[in-house]
Amino acid sequence: MGVRRLLSFSDALTLLGGDPPAVAALDRALGGALNVATGGVGDGLVRIADARGSVLALGRGAVRGVGRRLGLADGRAERTELLHAAHTVIVVLAWFQALEERDPPVRLEDLELTRGEQLALAGAPGAAERGAAFARALAAVDAPSPAPHRPLEAVTEQLGGWYEGLSARFLDFAEGLRAWSARPPAVRDAARHVIRAELPREAVRQYESLYARLAQEAPEFGFWTTQLEHRTTRDEVRRSLGGVTELLAGLARTARPPADVAAALARASEAVLTRPVLDASSGPEGVRVPALREMYLDPDFRVREVTGPGGPATEAWWADAPVRRDLTSYLAGALTSPGAAVAPLLVLGQPGAGKSVLTRVLAARLPSAGFLPVRVPLRDVRAEDDLQDQIEQAVRTATGERPSWPELVRSAGGTVPVLLLDGFDELLQTTGVHHSDFLTRVARFQQREADQGRPVRALVTSRTAVADRARYPDGLVALRLEPFRPEQVRRWLALWNEANAGCFAARGLRPLTWEAVERHGALAAQPLLLTMLALYDAADNALRRAGDGPFDEAELYEELLTSFARREIGKAGPSPAAVPDEESGARAERELQRLSLVAFAVHNRRRQWVSAAELDEDLTALLGRAATEDSGFRTPLGAGEVALGRFFFVQRAQSVRDGRVLATYEFLHATFGEYLVVRLALHVLTSLLTHRPSLSDARGSVDDDLAYTLLSYAPLSSRQMLRFAGAMVRRIPAAERDRLARLLIEVLEQHGQRTRETHRAYRPTRFPASPRLRTSARHGIYGANLVLVILLLRERVTASELFASWSDHASAWHRHVLLWRSAFDEEQWTDFALSLSVRRTRSERGRELELTLRSGAPGPPEPMDMNWLYRYPPGNDGPGWSRTYWDELRHKADVSCGTNDGVVRHAMDPVYTWLGPAVTTFVTTPGGRATSLAHDVLELLLGAEDLPPGERDAVRARVLRGLDGIAPGVRDRVLRLLAAQGGPHAGTGPEGGG
């Protein structure tokens, strides 16, 4: 469960109103163990029976008084502290009540410490540790505690283990006393059985009973347990997290209402519920998009703590987490549980799953008398700032006021701050800053705030696909939003149709039905895409006229954006009926190309927004100052603000960037911009086919200036962009795909000789000032993008096809990869590398590489064959070989100072230090692979038990052969390792005939 603050039993009793003298007496009875300041057992007479009586009396009194103490709590924070104390008390009380029920045959009244035993416990290190362990377990109760992501059965199972440990420590304590050894052996054996077996089980039963009683006094104890059987079978569809308000309102009755900035922040959050899910100004005339309060449906979800191998970015990791439908109850528990102050809750989902909307609705629904929600859109704050500065920026944007964080918390009285940090995935994509430690920084912030008496809850949203980029702090819980079930889609459609009944009737349209969207189930399962489907259909029931097959995501975006563009053209000019379809289509295409340039302005700056001034600079550089809006693609936006403002998926906002107030454009959802970037990129590259020489056999340069200008600043390798591109490429005829792939291979070779820069005024990203370095970086990014598109077109390509003019195609690939790597930041390189799969093969000309785009999670690559790497024939049965530069390999990795090289070098340092020559000593296997001696030694050390018997013997034999001629010190170490592994010839070396 991660690091959490431990609460002593005496502190818990005092918090719950226990009588201080009585608590002090209990502490004395347990030899001072409950007083954390003493740190151990004192030298007074200890009577365990008296201690038991005090624990029972004080603990039962504290539990009876929980309701009264909670009613006096000054705010949410104090209430949570009291709940933590109450749980600590029942954990200890349950064990002592079990002891009362199952008193062992050796009576506790007889277990007294003599003076000599007291001194032994106080002075002898071994005896003190053994004798005081039981009492110290009560000084800082670290028993498992309930959490809303864990079933109560799992908690009680772990608690049973904790009680077993406590009982064992007690037994160890008792057996060291003279009174215990004075009893007959049969009596002592019976007592051991009771303490070891019956006492822990009875303690769990007592705990469950006490927990149920506390749940009647404090609803939070009900929130902290998961009744999966009941909650996952209910089929109701809840709206707008309304249950959160109902569950949490009134739990901190004495909390003061927020004032000043806290009140302004609460008003800003609540206002969101009255706004539509999307701005429908670009939708068909008369269509009404309902407000969040009406339309937002609570999604299903899975939740589990991030522990062990794997991680929440993979589907397999979630297999053991059941689907739940109780989001309101879960959030009520997560925001009141003491463990939530240790680490953030990570909310994951696919694009369009509703992560951002969830944070908006939650901020509006949390009762202001107990909570202070602060929503921080990470795309809108300075990525380079620390978390506190980012929070203060978000508060200023929401309220217009500029309080410091401590001032804000003080103005909120006894409420608990809840940070809603939206868009971790977008923060990862921000220019030039590495944020993989963001979640750990949030956890450190929570720790600091807890130390200052300002406990904070935090929730962070991110796309699931990039969740593997993060480092997870201890105690972090991940929650994944699930796609809509059919019942949820039907409920959403009913709300949509109810809101637009009048509009549909007036225009002679039919309501949108489940049957119409069912064949688009993958899209309808994501709330944002379902809204887009509904807006698309609202024009003229277009969804039912869209052919027999389902859309893919790219087709939906294309149809939707095109229909919106046509509609906006109609609003600005003659009626659509008066405009020929061909002209209307051309105008719509120009609108989409304009939007695509906005998308490139955002994409090439490697962030989520672009200022109006930057956009104007880009358009001037790319299109010049041509006059009219209707003169074609090479026309500047002119009335750009009007043109962009027509589309609901482009938002214009005023924001503060680097201390300046800027008008900015950003896409309502990042996928809109990603789609438009890919769309224009493929359009520009496909248009190169019309620029070929007139004679089919003639070779000549291709005018790819515009393609180079747009595609040389940022890679197209994000997973969502490749999905879009793959869907769009599949719609290109096969013959044209092949022609375009061959042309782009020529362009890839040609661009390496490029010496001039095109569109010199276009500078969306500030590369190094040196023209040589700037050109090199742009060449690298452009080449990488060309390779991605070629792979999309061909699905499979070889290095010899990409680099036909090179004599060694594998080396050509390696050198190009180094160039591409140098042009990327770490996140871009990760995206690019994970998008590819490489297979080492051979051709008539020698070594070959076969390249494909990867689908799914990366698996282990094929085993390396050193014959391939060192240009020996396959199945080489000649003698092995060695090289002397093993130390240079480590040194070069060290000099690079890269994260990846550093991690591998760190892991390999012991091998280099103790088996260095073995790294570059290679052994052949007739008809098989050649391997290094170091590889085979590690194979035996780490995986011998999992190798088939024949393979294990073959690896061992290769190692023994490889020891010939190697340095004696290395040979001796390897032989000792083999001897430790056992097996044939384990103790023999070359001298012994091995």
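Overview of results
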| quantity | calculated |
| --- | --- |
| Those GluC sites (Glu not before Pro) in the range 832-864 that DSSP places in a loop and that have at most 13 other beta carbons within 10 Å | Glu844 |
| Taking Lys355, Lys892 and counting other C-beta atoms within 10 Å, the order from fewest to most | Lys892, Lys355 |
| Rg [Å, one decimal], Dmax [Å, integer] - the range 881-992, C-alpha atoms | 14.5, 44 |
| Mean-position separation - Cα centroids, the range 871-944 and the range 316-340, in angstrom | 46 |
| ³J(HN,Hα), Karplus 6.51/-1.76/1.60, whole Hz, each residue of the range 969-976, x for Gly, Pro | x, 5, 4, 5, 5, 5, 5, 5 |
| Cβ-defined net charge surrounding Gly65, 14 Å radius [Lys, Arg +1; Asp, Glu -1] | +3 |
| Gain on full stretching of the segment that runs from Arg719 to Thr852 - 0.36 nm per residue minus C-alpha separation | 46.4 nm |
| Amide H contacts under 5 Å for His149, placed H, 5+ residues apart | none |
| Extension gain (nm, one decimal) between Asp451 and Arg510, 0.36 nm per residue minus Cα-Cα | 15.3 nm |
| Sequence-distant residues sharing a close amide H with Ser882 (under 5 Å, placed H) | Phe922 |
| Loop trypsin sites (Lys or Arg not before Pro), the range 465-564 (other Cβ atoms within 10 Å of the site Cβ: 16 or fewer; DSSP) | Arg471, Arg507, Arg519 |
| Rounded, prolate or oblate (a/c below 1.5 giving rounded, otherwise prolate when a/b exceeds b/c) for the range 242-481 by Cα gyration tensor | rounded |
| Packing-based exposure ordering (other Cβ within 10 Å, fewest first) of Thr664, Thr884 | Thr884, Thr664 |
| Additional length obtainable on full extension of the chain from Asp972 to Gln216, 0.36 nm per residue less Cα span | 265.2 nm |
| 15 Å reach of a label modelled at Arg288, 7 Å along Cα-to-Cβ, counting backbone N of the range 495-516 | 495-507 |
| Volume in Å³ per residue [convex hull over Cα atoms, computed for the range 825-877] | 111 |
| Estimated FRET transfer efficiency (Arg519, Arg275; beta-carbon r; R0 22 Å; 0.05) | 0.10 |
| Exposure proxy order (Cβ contacts within 10 Å, fewest to most) of Trp95, Trp813 | Trp813, Trp95 |
| Under-5 Å amide H pairs with Phe371, H placed in peptide plane, nonlocal only | Val416 |
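Every read-out reported here was derived from the displayed coordinates using simple, explicitly stated rules and does not represent laboratory data. As the structure is a computational prediction, the values presented were derived from the model and not from experiment. We place every Cβ from the backbone using ideal geometry, glycine too, and count neighbours over all the protein chains shown.
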